[in-house]
Amino acid sequence: MLKLLIALLVAYAGWRLWKDGFGGTKAKKRVVPREPSDAAAARRLLGVDRAADTATIRAAHRRLMAEAHPDRGGSAEEARALNAARDLLLGRAG
């Protein structure tokens, strides 16, 4: 019975490590980016290269906004910078 309890505790501890990403429960400090002033800064912010097409830019924006959106724990400034980068690279007037 004791061996089963120990095995369950070890399994639970391993599951928690896996779930938390092996980083513990400490909150990671987020750096809020500025709105990009040129296309190179926008590409760096979105993490795309110079030859990125429209679909790649949109996918990178969607992936980053999943974490940066204010409704999901991000900040409005971070979301604004990502939107500005997307709009700049896609040539939208804003």
Open item on the list: Yes or no: the range 27-42 includes at least one residue that is at pLDDT 90 or above, surrounded by 15 or more Cβ atoms within 10 Å (Cβ to Cβ) and assigned to a helix (DSSP H, G or I).
Closed with: yes
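Conditions tested, residue by residue: (1) among the β-branched types (Val, Ile, Thr); (2) modelled with pLDDT under 85.
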site: Ile6; (1), (2): yes, no
site: Leu9; (1), (2): no, no
site: Gly14; (1), (2): no, yes
site: Val48; (1), (2): yes, no
site: Ile57; (1), (2): yes, no
site: Ala60; (1), (2): no, no
site: Arg63; (1), (2): no, no
site: Ala68; (1), (2): no, no
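The values are calculated or read from the model by the stated rules, or taken from the named source; none is laboratory data. All of these numbers come straight from a predicted model, not from anything done at the bench. In this analysis, Cβ positions are derived from the backbone assuming ideal geometry, glycine residues included, and neighbour counts consider all displayed protein chains.
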